[in-house]
Amino acid sequence: MRLSVIGCGYLGAVHAAAMASIGHEVVGIDVDQAKIDRLARGEAPFFEPGLNEILAEGVASGRLTFSTDMAAARGAAVHFVGVGTPQQQGSYSADLTYVDAAFASLVHQLRPGDIVAGKSTVPVGTAARLAELVAPTGATLVWNPEFLREGWAVQDTIDPDRLVAGVPAGAEGERAADILREVYHTAIAKKTPFIVTDYATAELVKVAANAFLATKISFINAMAEIAEVTGADVTQLADAIGHDGRIGRRFLGAGIGFGGGCLPKDIRAFSARAEELGKSESVAFLREVDAINLRRRDRAVELTLEALGGSAFEKRVAILGAAFKPHSDDIRDSPALDVAVRLHGLGASVVVTDPEAIENARLAQPQLEYIADRDEALRDADAVVVVTEWEEYRHQLNPAHAAELVKGRAVVDGRNCLDAQAWRDAGWAYYGLGRPRV
Ligand code: UDX
């Protein structure tokens, strides 16, 4: 099938390459010439495992092309729109400028019978508004949210947990759902659930899923706060409650909390939208979820100060991690980088290392020192703070080896990802979040 993908950021670039990899003929469109040039060479503009391979393969096969000209979308049977919806400056609401601009430009290229599939995360009610814009062209709008996780984006796109299609009522909607089934035929052949619903439900599935995940993380982080004043160990607590199949252990990782380009902004946009709908009390708990999440960063800073003997002034602190999570070079709303910046603000000499995110981090926070080599970053540190649970730190860093490099053997485990006993045995003072000191 011929497809167009409007917006070649994180979501769009992965979607375009993944659709080409399953046999479709795809044109990716973006206003950013530099990004399009890179993609057209088969190079990913960001780090995502497996993406370079499918991009290069798609470009070499001739099935995957890129353009800055919206006219290139003409003739595609399905037009995916995956532009960003960042948090508005000075407000909690989602900024729909890019979505509106993409649709305003795309409508001129639509033909009767075309499908426009919105993938961006939008406030509920947006699809109904955009459907009115698309209707005069004879094309049909479907809302087809994306649930990909950074670091697993290629796999999540090709082999998702579920597919959701919000469609208009009646024969038009049925036809649109059938066309999407054709697009995703490889996943559907593997019995991936394909849920056909209305626009509002499809939009809400996305925000509800992210709100639930954020709530689960903040729940365990709230338990970490209680554990800290009672001497309990939140990691054992999470293991124990996680054995209950109704609860499950995933997303019960207590630590410095969630960040990234999705969960924080999505829960805030959801709160803002609920308020507009006169239902702010329905999701009032999300304010708490956000507040607990931010408090854990404070706690990591507090523990580091304690590890440094009360003051960060002129102390050297090695920060292991800058990305908001491992397998990513994304530093958007990264709790890791936030902790580093705060310690720097308290007078510490902060050196940050990360296997993938240093370049992005340097651009965002140039005042910090960056060292790519992990061991060099550890050298002469008064305290070590692990803030992103990369393999390089959790399993591949030997505490006895690290002990030889540093000045002070104090480690703050901001992700509860280290083997606490092994670090203690190597002579370290170990500080976990929501875990007893000894
Ligand atoms: C998330 C959703 O998982 C995905 O379905 C949606 O499409 C986009 O948002 P992503 O932002 O890539 O994906 O990351 P995710 O793996 O969900 O992690 C989000 C944040 O939560 C990270 O900062 C991570 O470190 C943190 N986290 C995750 C925890 O603090 N504890 C956990 O147990 C799990």
Search result, residues across the range 1-41 that are free of Cβ contacts under 8 Å to residues at least 40 places away in the same chain and part of a helix (DSSP H, G or I): Gln33, Ala34, Lys35, Ile36, Asp37, Arg38, Leu39, Ala40
Residue match in the range 299-314 (condition: part of a helix (DSSP H, G or I) and free of Cβ contacts under 8 Å to residues at least 40 places away in the same chain): yes
Filter result for Arg246 (in a loop (DSSP other than H, G, I, E, B), farther than 22 Å from Val412 by Cα and more than 13 Å from the ligand (Cβ to nearest atom)): yes
Residues within the range 153-164 that are outside any helix (DSSP H, G or I), surrounded by 15 or more Cβ atoms within 10 Å (Cβ to Cβ) and within 11 Å of the ligand (Cβ to nearest atom), tallied: 1
Selection status of Ala44, of a type outside the set (S, T, N, Q), in contact (Cβ under 8 Å) with a residue 12 or more places away in the chain and crowded, with 24+ Cβ neighbours inside 10 Å: no
Verdict on Arg297 being under 11 Å from Ala211 (Cβ atoms), within 15 Å of the ligand (Cβ to nearest atom), touching an Asp or Glu at 6+ places or on another chain (Cβ under 8 Å) and at pLDDT 95 or above: no
Residue list for the range 294-329, filter: under 22 Å from the mean Cα position of the chain (by Cα) and buried (at least 24 other Cβ atoms within 10 Å of the Cβ): Arg296, Ala300, Ile319, Leu320, Gly321, Ala322, Ala323, Phe324, Ser328
Any hit, the range 114-137, residues being buried (at least 20 other Cβ atoms within 10 Å of the Cβ), more than 19 Å from Cys8 (Cβ to Cβ), within 16 Å of the ligand (Cβ to nearest atom) and more than 19 Å from the chain's Cα centre (by Cα): no
Single match in Asp354, Asp333 (criterion: touching a Pro at 6+ places or on another chain (Cβ under 6 Å), in contact (Cβ under 8 Å) with a residue 12 or more places away in the chain and within 16 Å of the ligand (Cβ to nearest atom)): Asp333
Residues (touching a Lys or Arg at 6+ places or on another chain (Cβ under 6 Å) and within 11 Å of the ligand (Cβ to nearest atom)) located in the range 192-225: Asn221
Cβ pairs under 8 Å, 6+ apart, first in the range 59-74 and under 19 Å from Gly138 (Cα atoms), second part of a helix (DSSP H, G or I): Met70/Ser105; Met70/Leu106; Met70/His108; Met70/Gln109; Ala71/Gln109; Ala73/Leu106; Ala73/Gln109; Arg74/Gln109
Count - residues of the range 382-393 that are under 21 Å from Leu343 (Cβ atoms) and in a helix (DSSP H, G or I): 2
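The values are calculated or read from the model by the stated rules, or taken from the named source; none is laboratory data. Nothing here was measured: the structure is a model prediction, and the numbers come from that model. Note: ideal-geometry Cβ built from the backbone for every residue, glycine included; neighbour counts use all protein chains shown.
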